[in-house]
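Below is one structure, written out as structure tokens; the observations come after it.
The values are calculated or read from the model by the stated rules, or taken from the named source; none is laboratory data. From a predicted model like this one, the values you see are computed outputs, not experimental measurements. Neighbour counts run over all protein chains shown; Cβ positions are idealised from the backbone, glycine included. Remember, those area values only see protein heavy atoms, side chains included, never the ligands or the DNA or RNA. Shrake-Rupley method; radii C 1.70, N 1.55, O 1.52, S 1.80 Å.
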Amino acid sequence: MKIVLACDAFKGSLGATEVHRALAAGLPTHTVVSRPMADGGEGTVEALIEAGWQERAVTCSGPTGEPGTARWAYADGTAVVELADCCGLLRLPDGLAGLTASSCGLGEAMAAALTGPDPVERMVVGIGGSASTDAGLGMLAGLGARLSDATGAPITPGLAGAADLIEVDLSALPTALAEVELVVAADVTNPLLGPNGAAAIYGPQKGLTAEQISGADPLLARAADLVEAATDIRGLPRGTSAVRERPGAGAAGGVGFALLALGARFQPGVELVADLVGLAETISGADLVVTGEGKLDRQTLSGKAPMGVARLARASGVPVVAVCGRLDATPTEVTEAGFAAAYALAELEPDPRVSMAEAGRLLTELASRLLG
């Protein structure tokens, strides 16, 4: 029996690759094919490396400036860089830093990929899991942009520095940037500004207070004005002037906006990762597909990674089941979403703390139940 595993991470417990290893251990007599999934955030590069992409490493700045090593993936002219691994929430050394966290490390990683020995024709930038709300100014600085205050000095990092921004000069960006196909992958479609924008919706989880959130939009709007003017000067193919209103502009604290302003096109992260790992081809001819994530609920069923996997499985006529730590959807909702069944670790261990701590063992135990 051929079983395709295509799970996302169980956040706070196991990465997607670890989930797959635990499940495979419980299916020793079957042919198991692993295709870890992600949505553009944490685990995106890992999923590609697991699928056979070449692993590359880069030294870049964390969200508060500390240098660290991040991974990126390469295959056949395509480079994939992941914000979460470069300068995301998991890279914060001492807690949230809402005003000062920067996306600079992402720009540094992009520049390294563009100017390195690998020929890059397409660059995919996964931007989930960010720690900053800086309209992508840090990313631009990491790419080589000059962001100046009234004295001509570089602005300080993060949203706090945006208050002093007077000039955006993109003349030193890598020339290769204008020659590659630039794709931004994310799982959110918020605009940059407004009640559904980057600061209002995601500011709290990045450490911004209510007062800071209320003052963020004017700073982000002015930054957007200056970035759009600078891209106009360079003649970059960014589309209409209302980049800040486009779906995904508010992703990653506005990194989505800056990438769109540079000419990127937006693609849902799940859809893109599935394409890059060849998930549809892998599913074809399988007997069963197993997908899932830490918590399966109505938000999952509205379009997160397991739903993307389920759509591909159904298109190939292959039954799909879901595994999760906790199931917060009714049997009817699970069935209507296209799953033959959903299995939760909570069925084996009701204590959530124990379930998270021993998720690997529980997944191995659960695996035998997936076959009915």
Quick check, is Asp164 in contact (Cβ under 8 Å) with a residue 60 or more places away in the chain, assigned by the TED database to the domain that holds Asp85 and open to solvent by 40 Å² or more (accessible area, probe 1.4 Å)? no
Does Glu179 fit the bill of being open to solvent by 20 Å² or more (accessible area, probe 1.4 Å) and under 30 Å from Gln54 (Cα atoms)? yes
For the range 28-46, what are the residues that are out of contact with any strand residue (DSSP E or B) (no Cβ under 6 Å at 6 or more places or on another chain) and more than 22 Å from Asp297 (Cβ to Cβ)? Pro28, Thr29, Glu46
The listed residue being touching a Gly at 6+ places or on another chain (Cβ under 7 Å), small (Gly, Ala, Ser) and touching a residue at least 12 places away in the same chain (Cβ under 8 Å), out of Gly62, Gly52, Gly26: Gly62
Hey, can you tell me all the residues within the range 98-109 that are open to solvent by 20 Å² or more (accessible area, probe 1.4 Å) and either within 20 Å of Asp217 (Cβ to Cβ) or of a type in the set (A, V, I, L, M) (or both)? Leu99, Thr100
Just to be sure I understand, how many residues within the range 123-174 are hydroxyl-bearing (Ser, Thr, Tyr) and closer than 18 Å to Leu259 by Cβ? 3
Any residue in the range 102-124 that's in contact (Cβ under 8 Å) with a residue 40 or more places away in the chain and β-branched (Val, Ile, Thr): show its pairings with residues that are open to solvent by less than 20 Å² (accessible area, probe 1.4 Å) and part of a strand (DSSP E or B) at Cβ separation under 6 Å, as long as the two are six or more apart or on different chains. Val120/Ala79; Val124/Val80; Val124/Val183; Val124/Ala185
Kindly indicate the residue of the range 1-43 that is acidic (Asp, Glu) and in a loop (DSSP other than H, G, I, E, B) and also nearest to Asp351 (Cα to Cα) among those meeting that condition. Asp8
Just wondering, is there one or more residues in the range 110-118 that are β-branched (Val, Ile, Thr), within 20 Å of Thr59 (Cα to Cα) and open to solvent by 10 Å² or more (accessible area, probe 1.4 Å)? yes
Give the residue, chosen from Ala221, Ala176, that is touching a helix residue (DSSP H, G or I) at 6+ places or on another chain (Cβ under 8 Å), assigned to a helix (DSSP H, G or I) and at pLDDT below 95. Ala176
Residues that are open to solvent by less than 50 Å² (accessible area, probe 1.4 Å) and at positive phi: list the helices (runs of 4 or more DSSP H) wholly contained in the range 275-371 that include at least 3 such residues. none
